[in-house]
Amino acid sequence: MTSLKLKIFLLISAALILPRSVHGHDGWIQLNPIVEKGQPVSIALMHGNHSNEHGSFRLAGKWDAQYTKLFVIDPSGKINDLTNTIVDLGEDPDKTGPKGPKGFHLAQFTPKTEGVYIVLARQERNLQQGDGPKLRTMRNARSAFVALGNPKVAEAQKTNGFERTFALNNLLEIIPVSNPFGTAEKSTLILQVLLNGKPAANRSVTVIGQMASAASAQDLKTDSQGRVHVTVGAPDTYLARVKFDEDIRQSSERTDKHSYEATYVFQVFNRS
């Protein structure tokens with residue numbers, strides 16, 4: 001394990017505690033993908049049901065801050081832990097008032113150097129009743145932004161480092177293979193699904209546009225390299241998600257379950 005991987009592992013290991021409940025929704029990150037160096041970037045943790053059935057970005061509650069970790073990895077590889085700076089822009093679920101979503105979480109980060117910054121949000125929880133089977137849920141949301149002195153799309157298209165991986169045990173992630181800052185309308189973006197750092201073949205990936213919602217939804221299958229070729233439509237914010245469960249045999253009397261979830265958000269730009 002590299003020094004970078006070890007640092008991330010130590011930072012997220014504290015999230016392995018028992019939850020009060022398990023939710024079937026997905027979590028993702030939204031931010032401005034091209035920013036000016038030295039200016040603050042808002043990072044929003046969203047939680048909703050934009051799955052195959054719903055095909056939307058509709059919010060449905062919030063991340064559980066008690067089990068959530070948020071990191072920004074700068075171009076040099078330095079890990080910035082923003083977990084303790086997350087602000088809850090909503091209400092507690094048990095508060096009186098209108099039913100439904102109760103806001104989202106927000107953090108802020110100021111990039112000091114030019115280059116690509118990877119943003120990772122991680123939530124990992126265990127649920128077990130007595131000596132029975134254990135359910136382990138692992139959510140990994142990823143996005144990226146590029147900080148530039150001259151923050152233009154044409155300059156962002158020249159950058160690299162967006163494809164950096166952080167392969168840890170039990171980590172499912174979606175990473176871009178082609179430059180996500182160079183994705184224009186009606187072009188193709190290549191994404192790769194990795195599980196424990198290895199390609200995850202024959203997995204279903206759903207891609208959804210925020211504005212077009214269900215009308216833009218695509219259901220794709222990863223190839224032997226864990227890759228999908230996403231042909232995008234109109235300029236919009238797009239979200240890719242993959243989710244699946246695996247049975248983990250512990251003994252002849254007990255089979256645990258691992259539930260994996262990963263999301264990746266990217267922007268599609270106008271053609272210049």
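Here LEU89 fits the description: among the hydrophobic types (A, V, I, L, M, F, W, C), surrounded by fewer than 16 Cβ atoms within 10 Å (Cβ to Cβ) and at pLDDT below 90. Screening VAL72, VAL35 for residues that are buried (at least 18 other Cβ atoms within 10 Å of the Cβ), over 18 Å from the mean Cα position of the chain (by Cα), at pLDDT 95 or above and of a type outside the set (Ser, Thr, Tyr) leaves exactly one candidate, VAL35. Among the criteria (1) at pLDDT 95 or above; (2) surrounded by 15 or more Cβ atoms within 10 Å (Cβ to Cβ), the one HIS229 does not fulfil is (2). Checking each residue in the stretch 259-272 for being under 22 Å from the mean Cα position of the chain (by Cα) and either modelled with pLDDT of 90 or more or not in a strand (DSSP E or B) (or both) picks out GLU261, ALA262, THR263, TYR264, VAL265, PHE266, GLN267, VAL268, PHE269. Only one entry in ASP236, ASP256, ASP223 is modelled with pLDDT of 90 or more, of a type in the set (Asp, Glu), surrounded by 13 or more Cβ atoms within 10 Å (Cβ to Cβ) and over 29 Å from ASN32 (Cβ atoms), namely ASP223. Scanning the stretch 94-130 for residues that are in contact with a Gly (Cβ under 7 Å, 6 or more places away or on another chain), surrounded by fewer than 21 Cβ atoms within 10 Å (Cβ to Cβ), at pLDDT below 95 and in a strand (DSSP E or B) yields GLY103, PHE104. Just wondering, is there one or more residues in the stretch 203-211 that are touching a His at 6+ places or on another chain (Cβ under 6 Å), of a type outside the set (D, E, K, R) and in contact (Cβ under 8 Å) with a residue 24 or more places away in the chain? Scanning the stretch 203-211, I find at least one residue that is touching a His at 6+ places or on another chain (Cβ under 6 Å), of a type outside the set (D, E, K, R) and in contact (Cβ under 8 Å) with a residue 24 or more places away in the chain, so the answer is yes.
So in the stretch 139-160, with the set limited to residues that are within 17 Å of the chain's Cα centre (by Cα) and among the small types (Gly, Ala, Ser), which one is farthest from PRO111 (Cα to Cα)? Filtering the stretch 139-160 for residues that are within 17 Å of the chain's Cα centre (by Cα) and among the small types (Gly, Ala, Ser), the one farthest from PRO111 (Cα to Cα) comes out as ALA141.
Residue pairs whose Cβ atoms lie under 7 Å apart, separated by 6 or more positions or on different chains, with the first residue in the stretch 212-224 and of a type in the set (Asp, Glu) and the second surrounded by fewer than 15 Cβ atoms within 10 Å (Cβ to Cβ) and at pLDDT 80 or above, are ASP223/ALA201.
A Cβ distance below 7 Å, combined with a sequence gap of six or more or placement on separate chains, defines the contacts here; from the stretch 151-167, residues that are closer than 14 Å to VAL119 by Cβ reach residues that are surrounded by 15 or more Cβ atoms within 10 Å (Cβ to Cβ) and at pLDDT below 90 in the pairs PHE166/LYS5; PHE166/ILE8. Does LYS198 fit the bill of being at pLDDT 90 or above and out of contact with any strand residue (DSSP E or B) (no Cβ under 7 Å at 6 or more places or on another chain)? Criteria met by LYS198.
THR137 fulfils the conditions (1) surrounded by fewer than 17 Cβ atoms within 10 Å (Cβ to Cβ); (2) in a strand (DSSP E or B); (3) among the β-branched types (Val, Ile, Thr) except for a single criterion, (1).
Right, LYS62: at pLDDT below 95, of a type in the set (Lys, Arg) and more than 17 Å from the chain's Cα centre (by Cα) or not? It is false that LYS62 is at pLDDT below 95, of a type in the set (Lys, Arg) and more than 17 Å from the chain's Cα centre (by Cα).
The values are calculated or read from the model by the stated rules, or taken from the named source; none is laboratory data. Please read these numbers as outputs of a predicted model, since none were measured by experiment. Please note: Cβ atoms are built from the backbone with ideal geometry, for glycine as well, and neighbour counts cover all protein chains shown.
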